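Nothing in this text is a laboratory measurement; each read-out follows from the coordinates by a stated rule. It should be emphasised that the depicted structure is a prediction, and the values quoted were computed from it without experimental measurement. Note that each Cβ is placed from the backbone with ideal geometry, even for glycine, and that neighbours are counted across all protein chains shown.
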Amino acid sequence: MSRPSKYKPVMCEQLLSCMSEGLSRKAVAKELGINYQTFLNYIERHPEFAEAAAEGDNLAEVYWTTQFEKGATGENKGCNSAMMIFYMKNRFHWRDRIDQHVSHEQVPLLDDLDNDCEHGEC
């Protein structure tokens, strides 16, 4: 016989509260008193928990983006910009933007060259 689930709907609010302070999913699992695999199982089994986790990811990213902006503007003197860049890239999958512009030159088709030669233009 399996153990009764520790899941309670109030965990959704706890998750949102923790993640709005920048905590990761693993840190939230620890705060909830469950292991990370149980956290993932709750996401699969409880749609409201899955929705809260997705919203929590957004809240955590907003929290850290705000911290990064405070560092960039000098409001947070202890912010290390290189560390923040790596953190955002690794945790939130930020990436460097690469702008590419492709231009091409119209190359005449062989049929057009043949037509030009027939008219004495080659």
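Considering only H93, A54, N35, and ranking their Cα positions along the charge dipole of the chain that arises from unit charges at the beta-carbon of Lys, Arg, Asp and Glu, the one farthest toward the positive end is N35.
Could you calculate the FRET efficiency of A82 with E51 from 1/(1 + (r/R0)^6), where r is the beta carbon distance between them and R0 is 41 Å, rounded to 0.05?
Working: r = 35 Å, r/R0 = 0.84.
For R0 = 41 Å, the calculated efficiency reads 0.75.
Shown for E44, E105: other C-beta atoms within 10 Å of each C-beta, ranked fewest to most, produce the order E105, E44. The mean sequence distance of close C-alpha pairs (under 8 Å, at least 6 residues apart), as a share of the length of region 10-95, puts its relative contact order at 28 percent.
With only Lys, Arg, Asp and Glu charged, each at its Cβ (+1 for the first two, -1 for the last two), find how big the charge dipole of region 10-95 is about the Cα centre; round to the nearest 20 debye.
Values: 9 positive and 11 negative charges, 98 e Å.
Dipole magnitude for region 10-95 comes out near 460 debye.
Within 10 Å of each residue's Cβ, count the other Cβ atoms and sort D96, D57, D112 from fewest upward. Walk me through the numbers before you get to the answer.
On the way: D96 6, D57 15, D112 10.
Listed from fewest to most nearby Cβ atoms, that is D96, D112, D57.
Cβ crowding within 10 Å ranks D99, D111 as D99, D111, fewest other Cβ atoms first.
Pairs exceeding a 21 Å alpha-carbon distance, out of K26/K70; K26/K89; K6/K26: K26/K70.
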